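Asker: Before I ask anything, let me first share the structure, which is written out below as structure tokens.
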Amino acid sequence: MFMMVACAFGPMTAVAQEDSEAQGNIDITGSGETATHACTPESTVEITGADNTVTLTGECKSVSVNGTDNKVKVEATRAISVTGSSNTVTWKRGHGKSKPKISRTGTDNKVTQEK
């Protein structure tokens, strides 16, 4: 049995959604793009795609990375979740004095603190 699976990511898009509970949610989808976004303490960030370079300034509530070969720099966050393969997430600080909660699923995903 032969199965062909194709996955194509279009141009990177960022959607900022605001509601009464979660202000400034950021959804980023794309391939081969470079982008910088400013977080607020209640921002949840979702990055999906391949070969993207994303910089997040300010403090994010949480950051999720799904895909392959994404490079993400985070100034501050409470939680980091990485799914896929060969993604790299570098964080500078957690919330307050705490380090972020980190979850990794997949292969060769790296989550490290910037020195």
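Here, each number is a calculation from the coordinates, and none is a lab measurement. Please read these numbers as outputs of a predicted model, since none were measured by experiment. Heads up, the Cβs are rebuilt from the backbone with ideal geometry, glycines too, and the neighbour counts pull from every protein chain shown.
Asker: To check you understand DSSP bridge types, tell me what percent of the beta bridges within the stretch 13-109 (both residues inside) are antiparallel, rounded to 5. Write out the running numbers ahead of the final one.
Answerer: On the way: 6 of 49 bridges.
Percent antiparallel among DSSP bridges in the stretch 13-109 is about 10.
Asker: I would also like to ask the following. Note down, for the stretch 13-109, the three equivalent ellipsoid semi-axes (square root of 5 times each alpha carbon gyration tensor eigenvalue), biggest first, whole angstrom.
Answerer: Here the semi-axes work out to 19, 16, 11 Å.
Asker: Take a quick pass over the stretch 13-109 and tell me how many lysine pairs come in under 16 angstrom between Cα atoms, counting only ones 8 or more apart or on separate chains.
Answerer: Lysine pairs meeting the criterion: 10.
Asker: Continuing with the same structure: Which residues in the stretch 40-78 place their backbone N less than 16 Å from a point set 7 Å from the Cα of residue 110 along the Cα-to-Cβ direction?
Answerer: Zone members listed by number: 51-54, 68-74.
Asker: Determine the relative contact order of the stretch 13-109: mean sequence separation of Cα pairs under 8 Å and six or more apart, normalised by residue count, in whole percent.
Answerer: Numbers: 271 pairs, mean separation 18.0, N = 97.
For the stretch 13-109, the relative contact order is 19 percent.
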